[in-house]
Each structure stands twice: as C-alpha cells, then as structure tokens.
Amino acid sequence: MDYKKLSELLFPNISKIIDYYENEVYPERDLPEGAKVTRLAPSPTGFIHLGNLYGAFVDERLARQSGGVFMLRIEDTDQKRKVEGSVETIISSLEFFDLRFDEGATIEGETGNYGPYYQSNRAEIYQCFAKHLVEMGRAYPCFCTEEELEELRKQQIEENVNTGYYGKWARDRNLTIEEVENHLDNNKEFVLRLRSEGTEEGSFEIKDAIRGQLKLPENFQDIVILKTNGIPTYHFAHVVDDHLMRVTHVVRGEEWLSTLPIHYELFTVLGWETPIYCHTAHLMIMENGARRKLSKRKDPELGLGYYRELGYHPAAVREYLLTILNSNYEEWRMENPESSIDEFEFTLEKMSTSGALFDLDKLNNISKDVLLKIPAEEIYEFLQKWANEYKKEAAELLLSNKEQVIKLLSVGREGRNPRKDLIYCQQILEFISYYFDEYFEIVDKYPENIDEEEAKKLLNAYLTTYDHSDDQSQWFDKIRTIASENGYAAKPKDYKKNPDSYKGHVGHVSTLVRIAVMGRAVSPDVWELQQIMGEEKVRRRIENAINK
Ligand code: GLU
C-alpha cells in the first residue's frame with residue numbers, strides 16, 4: 001500500500017508537515033529546570049463545578065510552585081454542547097477563587113505563544129498529524145455507516161466477543177487505494193481510525209503521579225481519531241495538544257483512566273513522551289452513612305455559582321479545598337496558623353485516590369476560622385460587593401451604615417476565645433440583620449419562665465433604669481438589680497442551688513432583654529451591640545416590646 005498516496009488522497013489541502021508545528025510553531029518551552037506546565041481543559045458547556053475547581057487548583061499549585069505555566073484550553077470540538085458565555089463564566093469563576101491563568105483563552109480572546117487555545121481553531125493542526133499517521137500506515141479511513149457499525153456490534157454480542165472496531169472485525173482496515181478512491185468519488189463520508197497494534201491480552205505499565213504504578217490493558221481498538229467533519233475526538237486532540245503545548249502534567253478526573261490505554265498508544269505511535277498523568281479522585285459526599293459521587297442533579301453545592309451566590313469568601317473555599325486535596329494540610333495549618341496558604345507545599349503524592357470527601361459543614365467550620373483572621377473592614381468590603389451583585393436592597397443599607405456594620409462585624413472577635421459567628425455573606429447578613437429596622441423581627445420566644453405580663457414588667461424596669469452611658473459592668477449590675485428586685489437570683493448558681501426560691505435567674509432576665517433588642521436569644525454581647533445601635537434605637541425596641 002502506498003500510504004503517502006493515501007494520505008494525499010485524504011488530506012489534499014494539508015500542505016504543512018509535522019516538523020513545522022513541532023519545531024517552528026511549538027518549540028520546547030524555555031522554562032527553569034523542573035517547571036511544570038499544566039492546563040485546565042474544560043468544555044464550554046456553561047456548567048463549571050467544584051470538580052473543575054478541584055482539578056484547577058492542582059494545576060495551578062503545580063505550575064505556580066515550580067515557576068511553570070498554567071493555561072486554559074477550551075475543548076469546544078463538540079459544537080452542539082457549546083453554550084454562549086461559558087468561557088467568561090469559567091474564567092471569572094476561577095478568578096473569584098484566585099486562580100489565574102498565565103496563558104490561553106481570555107475574556108477578550110487569547111494570550112500566549114502556544115495557541116490557538118480553542119480546539120475549534122486547531123482543525124488544520126490535528127489534520128496535519130492525522131495525515132502523518134496515515135503516511136506512517138498507522139491510520140486509515142473507515143467508511144462504515146452507523147447502521148453497519150450497529151450490525152457489527154450485534155454480531156459480536158452474538159458471538160460473545162469484545163465489541164468494537166478491531167482486528168478481523170475492522171472491515172475497512174485494509175482497503176486498497178482504488179477502493180478508497182472509489183468511496184471518495186461517490187462522496188462517501190469517512191472517519192479516520194488509528195490502526196492499533198495492541199492486543200486483547202496485552203498490558204502496559206505507566207506511573208500515575210497520584211495513583212502510583214499502574215498496570216493497564218493495552219488498547220486494541222481502532223479508535224476514531226478524526227470524525228467525518230475532520231474534527232478530532234477527545235483522544236486525538238488531547239494527545240496532539242498536550243504534546244504541542246508542551247504540557248508536562250495532565251491533571252484530569254479519574255473517569256479518563258479507562259481511556260488512558262488509547263492515549264498511551266497514540267503518544268507511543270507518534271514517538272512522543274507521555275506527559276505525567278495525574279488522575280484525580282471523584283468528589284464524594286456522605287449520604288445516609290454511605291459515600292456517593294456528587295451529582296449535578298441532586299447537589300446544588302456542586303456548581304461553583306452556589307458559593308458565589310451565598311457569598312463564601314474565596315479564601316475559605318481555597319483553605320477548605322486544600323484540606324481535601326492534601327491529607328497533610330490540616331496538620332500543617334495547625335503548626336502554621338498564621339502562614340499564607342501559598343507557603344504550604346502541595347504535592348500529588350498526598351492526594352486521595354479513593355474519592356475526596358466533600359463536607360459542607362466542614363467548609364463552614366473552616367470558613368469561620370478563615371473569616372476570623374480577616375479584618376472586619378475587609379469583610380465589610382466583601383459583603384458590600386456581594387450584596388451589590390446578589391442582594392441589591394441590602395447593599396444600600398450596608399453602604400449607609402458602613403461604620404456601624406463594621407463595628408457589628410467586629411464584636412467579640414478579639415481576645416483568647418473569639419466568637420466565630422461569621423460564615424458566608426448570606427448568613428452574615430442574617431446574622432447582623434437585627435441592626436436594621438427594615439429586617440428586625442423577634443424570632444425567638446422569651447424564656448419559658450417569663451410570661452408576657454412579667455416580661456412587660458421587667459422590660460419597663462430595664463427602660464426606666466437604662467442609661468446609655470453606663471459602662472459594661474454598670475449596665476450588668478443594673479440587670480442584676482432588676483433580677484433580684486423581681487424574684488430572680490442575681491447569680492445563676494444561687495438559682496441552681498435553690499430553684500424553688502426563685503422565678504429564675506439573671507440569665508433569664510438578660511435573655512429577655514436580648515430578645516427584645518436583638519430579636520434573638522443568641523447574639524454577641526448585648527451591651528456592645530447596644531452601644532453600636534445608639535440610645536434611640538435601643539429605647540424604641542424596648543418600648544415596642546412592651547407595647548406589642
Ligand atoms: N474536556 C475534558 C473534560 O472537560 C478535559 C479532560 C482533560 O483534562 O483532559 O472533561
């Protein structure tokens with residue numbers, strides 16, 4: 001067979017040779033020793049999820065820690081799945097979490113010397129390499145129709161053999177030039193297939209940087225590398241792109257492990273070194289005591305939009321992700337509570353292979369710690385920005401009460417046992433909502449031992465003795481006095497000793513005040529909050545509670 005002739009016949013318009021791409025367009029990168037080149041390669045389907053972020057984090061850390069390159073390549077060969085605006089969403093979502101690309105697709109277009117970074121603009125490149133494979137005798141056109149392939153499948157199932165296009169089943173493997181010419185003259189469509197040299201029994205070994213040494217079955221299928229429209233399949237595009245873009249580490253989900261033999265064969269056929277594969281584990285969730293994969297349908301927290309809409313601080317999500325990415329992270333954090341997250345050395349070896357467990361409660365706990373370290377002014381700015389985007393009506397209020405909101409956010413955060421009340425914007429807003437008359441409502445019930453009548457009496461006493469200039473201890477002494485004058489123990493421990501001698505204790509009285517002023521039974525220090533609110537507001541709230 002004259003493969004050269006066949007290649008010309010199939011690709012008459014491809015005049016470049018692979019050397020041109022290999023050496024002129026995509027030369028080896030000039031990077032420091034050990035620099036890692038990674039890429040995020042999403043399809044522009046409009047849905048960007050936690051799994052993407054998880055993978056992107058690995059990519060970014062590897063590149064950043066080694067002085068390498070992290071790029072964004074858009075895998076848009078499937079035009080049907082393309083959603084307008086997805087690239088912007090990908091870029092802005094990742095940027096929100098402080099993940100920035102050095103190279104690749106951008107909101108305006110693209111940047112870097114290894115483009116185009118949209119696979120749809122690389123058709124000619126793939127075809128040049130496909131043509132090369134034909135010339136080597138390692139790829140051939142297949143004119144089988146869908147129906148014929150279905151027929152083949154049925155027959156294979158009947159004979160109880162592996163299904164697919166391979167070996168003796170590969171009908172068009174050995175077409176003559178004349179037969180090919182004939183099909184082409186009849187305008188028959190063809191896909192281009194790899195002529196696999198693998199066997200059904202064969203295996204090979206490869207090292208995965210996360211999973212260690214793997215022994216996998218060889219690929220023996222003549223898989224499709226170019227579809228009828230000349231556009232490559234994922235397999236071929238992955239191999240050509242990651243080679244030409246000089247990617248050193250391919251970080252991708254474990255769902256690609258099963259097709260790794262195909263990629264290995266393609267790299268081998270083309271005489272290229274395989275990149276270092278890093279197959280990340282699925283994100284799992286605990287449900288009724290069992291682990292299951294996070295699902296787009298069931299778990300809203302899979303979408304990245306979820307975290308932005310609720311207003312999680314990116315630093316909290318980053319901190320949390322590192323705890324699930326590297327098993328030694330938490331220990332490091334305990335030893336280095338004040339260090340920047342960037343000082344932690346992320347490694348592939350410390351990644352989970354059995355499924356990383358995602359736990360929203362844990363994220364919330366981490367968020368509390370992370371927010372505690374962020375100054376109240378910065379939390380305010382973040383809250384304001386979030387409200388501008390997701391809670392317009394609150395944005396105005398936050399703006400006109402800036403000073404007070406910052407104070408509210410600061411209450412109880414100092415000292416040895418600081419309060420950890422703040423988690424994410426939506427929750428923070430609810431948490432401080434009592435401050436605004438627009439949001440204020442009494443959500444908790446008065447303590448059980450205080451009925452309406454009694455409550456009015458106690459609140460009246462509070463209002464009469466209230467002096468806004470009292471310091472904290474003067475203020476509390478007054479509450480004690482009100483308590484004891486009305487039959488409540490001035491100290492909880494006295495009440496505990498002799499519960500029958502009292503109606504309750506000072507804590508019940510102060511809770512009553514707390515609920516009247518803040519609307520809730522749990523809040524930071526009442527005296528401090530009252531100072532922020534101002535006398536007029538405090539008195540008005542008490543009066544309203546008395547008169548309700
Ligand atoms: N486009 C593929 C995906 O979105 C990329 C896989 C890879 O990173 O190679 O899953």
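The values are calculated or read from the model by the stated rules, or taken from the named source; none is laboratory data. Owing to the predicted nature of the structure, the values given are computational and were not obtained by experimental measurement. With ideal geometry, Cβ positions are generated from the backbone for all residues, glycine too; neighbour counts draw on all protein chains shown. For the accessible areas, the whole protein counts, side chains as well, though only heavy atoms, and no ligand, DNA or RNA atoms are used. Shrake-Rupley method; radii C 1.70, N 1.55, O 1.52, S 1.80 Å.
Tallying residues that are assigned to a helix (DSSP H, G or I) and surrounded by 12 or more Cβ atoms within 10 Å (Cβ to Cβ) within the stretch 5-35 yields 11.
Taken over the stretch 126-147, the criterion of being open to solvent by 10 Å² or more (accessible area, probe 1.4 Å), touching a residue at least 12 places away in the same chain (Cβ under 8 Å) and either within 22 Å of ASN186 (Cβ to Cβ) or part of a helix (DSSP H, G or I) (or both) is satisfied by GLN127, LYS131, HIS132, GLU135, CYS144. Is at least one residue of the stretch 190-201 farther than 30 Å from VAL250 by Cα and in contact (Cβ under 8 Å) with a residue 12 or more places away in the chain? Yes, there is a match, as at least one residue in the stretch 190-201 is farther than 30 Å from VAL250 by Cα and in contact (Cβ under 8 Å) with a residue 12 or more places away in the chain. Checking each residue of the stretch 155-175 against the condition of being among the aromatic types (Phe, Trp, Tyr), over 43 Å from the mean Cα position of the chain (by Cα) and within 23 Å of THR233 (Cα to Cα) gives at least one match. In the stretch 29-48, the qualifying residues are those that are touching a Leu at 6+ places or on another chain (Cβ under 6 Å) and over 22 Å from LYS293 (Cα atoms), and the one that is farthest from the ligand (Cβ to nearest atom) is LYS36.
Count of the stretch 148-175 residues, restricted to those that are out of contact with any helix residue (DSSP H, G or I) (no Cβ under 8 Å at 6 or more places or on another chain), in a loop (DSSP other than H, G, I, E, B) and open to solvent by 60 Å² or more (accessible area, probe 1.4 Å), is 2.
Specify the residue that is farthest from the ligand (Cβ to nearest atom); the eligible residues are those in the stretch 49-108 that are among the acidic types (Asp, Glu) and not in a loop (DSSP other than H, G, I, E, B). So, considering only residues that are among the acidic types (Asp, Glu) and not in a loop (DSSP other than H, G, I, E, B), the one farthest from the ligand (Cβ to nearest atom) is GLU95. What residue, of VAL526, VAL517, VAL513, VAL522, is open to solvent by 10 Å² or more (accessible area, probe 1.4 Å), within 24 Å of LYS420 (Cα to Cα) and out of contact with any Ser or Thr (no Cβ under 6 Å at 6 or more places or on another chain)? Going through VAL526, VAL517, VAL513, VAL522 in turn, just one is open to solvent by 10 Å² or more (accessible area, probe 1.4 Å), within 24 Å of LYS420 (Cα to Cα) and out of contact with any Ser or Thr (no Cβ under 6 Å at 6 or more places or on another chain): VAL522. Restricted to helices (runs of 4 or more DSSP H) entirely inside the stretch 393-510, those with at least 3 residues that are polar (S, T, N, Q) are 452-465, 472-485. Say we look at the stretch 244-303 and pick out the residues that are free of Cβ contacts under 8 Å to residues at least 24 places away in the same chain and of a type in the set (Gly, Ala, Ser); which of these is nearest to the ligand (Cβ to nearest atom)? It comes out as SER258. Assessment of the stretch 258-278 against the conditions (over 30 Å from ALA170 (Cβ atoms) and surrounded by 17 or more Cβ atoms within 10 Å (Cβ to Cβ)) yields at least one matching residue. Residue count for the stretch 36-54 satisfying the condition of being modelled with pLDDT under 95 and either on the phi < 0 side of the Ramachandran plot or crowded, with 18+ Cβ neighbours inside 10 Å (or both): 12. Is it fair to say LEU192 is modelled with pLDDT of 95 or more, surrounded by fewer than 17 Cβ atoms within 10 Å (Cβ to Cβ), in a strand (DSSP E or B) and not aromatic (Phe, Trp, Tyr)? Judged against the criteria, LEU192 is not a match.
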